[in-house]
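The values are calculated or read from the model by the stated rules, or taken from the named source; none is laboratory data. Remember, it's a predicted structure, so these values are computed and weren't measured experimentally. Cβ placement follows ideal geometry from the backbone for every residue including glycine, while neighbour counts extend to all protein chains displayed.
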Amino acid sequence: MAKDWFAWHDLYNSQELLQQRLAIVQKYISDSLDAAPAGTIQVVSACSGDGRDLLGVLETHPRAKDVRARLVELDPKLVERGKEAIAKLGLTDQIEFINGDATLTANFAGHVPADVIIVAGIFGNLPNEEVLQKLIRNLTYFAKTGAFAIWTRGERDGFRYSERVRAIFQENNFSEADFQLTATGNMAVGRHRFDSQTISEPLDEHFFEFTGTPEKAGLLVSTP
């Protein structure tokens, strides 16, 4: 049975782990907006849920009006909730939230390279490390030079899955700007800066596979 991601997102109202993770992700988004050059700040977000990570920052951030964003999410109910939040913020002309497949590079065309790339909640839902490597390699198409990629990764059974994530980013010319574990110690959040030149074409049409069943994700098993 497919996972009910709309119901899962409601766990943010009660689960301390998710609240801690969200707070760190939002701080890293805010810091990335602060660091962006003057002018338009391009943001893309894959598997965006209801967009609460970015939208929660834009609610109060002084550079909210500079942001132009493309959010991509497959669950239509989450997209609808996100669009309602965007309207309340008065950012409908700036934030585009589409109901689509975030694994397709085509769904980000015209919005990349970006200044901020949000790939939170994805890495624990990949089928194997090969797909993780593929996803991060493709971020060299998504990122401007100096752009920040913000990601999360669950830790489990005493194994630091995030260490491999950090190494793969480094191998692909992303230097670590920030890294933090939640207070519960079982969720990592990272921010990496792209230090090389953007590639002109995506490496893959489907740049990752989202299983939606982390309990079946083999070596990469974890909370999303």
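Results for (1) assigned to a helix (DSSP H, G or I); (2) free of Cβ contacts under 8 Å to residues at least 40 places away in the same chain, shown as yes or no for each residue.
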position: ASP50; (1), (2): no, no
position: THR60; (1), (2): no, yes
position: VAL79; (1), (2): yes, yes
position: ILE98; (1), (2): no, yes
position: ASN107; (1), (2): yes, yes
position: VAL131; (1), (2): yes, no
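Of a type in the set (S, T, N, Q), over 15 Å from the mean Cα position of the chain (by Cα) and at pLDDT below 95, is that true of GLN19?
yes
Of all residues being surrounded by fewer than 17 Cβ atoms within 10 Å (Cβ to Cβ) and under 25 Å from ASP53 (Cα atoms) in segment 152-163, which is modelled with the lowest pLDDT? Just the residue, please.
ARG156
Which one of these is under 24 Å from ASP34 (Cβ atoms) and either hydrophobic (A, V, I, L, M, F, W, C) or out of contact with any Lys or Arg (no Cβ under 9 Å at 6 or more places or on another chain) (or both): PHE207, PHE123, PHE159, PHE194?
Step by step, each of PHE207, PHE123, PHE159, PHE194 is checked, and only PHE194 is under 24 Å from ASP34 (Cβ atoms) and either hydrophobic (A, V, I, L, M, F, W, C) or out of contact with any Lys or Arg (no Cβ under 9 Å at 6 or more places or on another chain) (or both).
So that you can scan it fast, the table gives a plain yes or no per residue for (1) modelled with pLDDT of 95 or more; (2) surrounded by 17 or more Cβ atoms within 10 Å (Cβ to Cβ); (3) not β-branched (Val, Ile, Thr):
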{"position": "PRO62", "(1), (2), (3)": "yes, no, yes"}
{"position": "GLY82", "(1), (2), (3)": "yes, yes, yes"}
{"position": "ALA87", "(1), (2), (3)": "yes, no, yes"}
{"position": "VAL112", "(1), (2), (3)": "yes, yes, no"}
{"position": "VAL119", "(1), (2), (3)": "yes, yes, no"}
{"position": "LEU139", "(1), (2), (3)": "yes, yes, yes"}
{"position": "LYS144", "(1), (2), (3)": "yes, yes, yes"}
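Examine segment 155-170 for a residue that is touching a residue at least 60 places away in the same chain (Cβ under 8 Å), over 14 Å from GLN133 (Cα atoms) and not basic (Lys, Arg), and state whether such a residue exists.
yes
Need pairs with beta-carbon distance below 9 Å; first residue touching a residue at least 12 places away in the same chain (Cβ under 8 Å) and within segment 195-206, second exposed (fewer than 12 other Cβ atoms within 10 Å of the Cβ) and assigned to a loop (DSSP other than H, G, I, E, B); sequence gap 6+ or separate chains.
From segment 195-206, the pairs are PRO202/ALA109.
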